[in-house]
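Down below is the structure, laid out as structure tokens.
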Amino acid sequence: MSKRRKNLFINKAKDGLNNLCGKNVSIFRSELRISQRELADRLQLAGLDIDKNAIQRIECGKRFVTDIEIVCLAGVLGCTVESLLYGKKQLC
């Protein structure tokens, strides 16, 4: 093998972010008029061990989000998993 292969796996969104849902988490959280800390508190009450810094990193796309976290986020934010992933506009 003369050349090293480039990474064949794509584990970032097209815009270079580490998740698809971060921007939408921020939108839904803002619509509820709650802080990142309040969202983290509500997620902890729902059984997800997460803090305010993790919410900040999710919203700015620096943190990967698991399927378990997405389901819990949707439940706490009162939206669907699909709307977190794709946004409200693309669901119509």
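Annotations
- Residue-normalised convex hull volume from the C-alpha trace of segment 33-87: 81 Å³ per residue.
- In order along segment 36-46, the Karplus-derived 3J(HN,Hα) couplings, from 6.51 cos²θ - 1.76 cosθ + 1.60 at θ = phi - 60°, round to 4, 5, 5, 4, 4, 4, 5, 5, 5, 5, 7 Hz, and Gly and Pro are given as x.
- For segment 55-72, backbone phi angles converted through the Karplus equation (6.51, -1.76, 1.60; θ = phi - 60°) give residue-by-residue couplings of 4, 4, 5, 5, 5, 8, x, 8, 10, 5, 10, 7, 4, 4, 5, 4, 4, 5 Hz, Gly and Pro being listed as x.
- Leading residue at positive end of dipole, the chain (Cβ point charges), from SER83, VAL71, LEU17: LEU17
- Approximate spin-label separation ILE10-CYS60, in nm, with each point projected 7 Å along Cα-to-Cβ: 2.6
- Under conditions of 4 °C and 1.567 mPa s, the chain yields 93 µm² s⁻¹ as its translational diffusion coefficient, taking Rh as the Kirkwood radius over Cα pairs in the Stokes-Einstein equation.
- A simple spin-label model places the labels of TYR86 and LYS52 3.5 nm from each other, with each point 7 Å out along Cα-to-Cβ.
- Taking a ≥ b ≥ c as the square roots of the eigenvalues of the alpha carbon gyration tensor, segment 24-64 is oblate, as a/c is not under 1.5 and a/b does not beat b/c.
- Theoretical gain in end-to-end length, ASN18 to ASP67 [0.36 nm per residue, Cα-Cα removed]: 16.3 nm
Read-outs throughout are calculated quantities, based only on the coordinates presented, and are distinct from any laboratory measurement. As the structure is a prediction and not an experimental result, all values here were calculated from the model. When we count neighbours, we look across all protein chains shown, and the Cβ atoms used for this are built from the backbone with ideal geometry, even at glycine.
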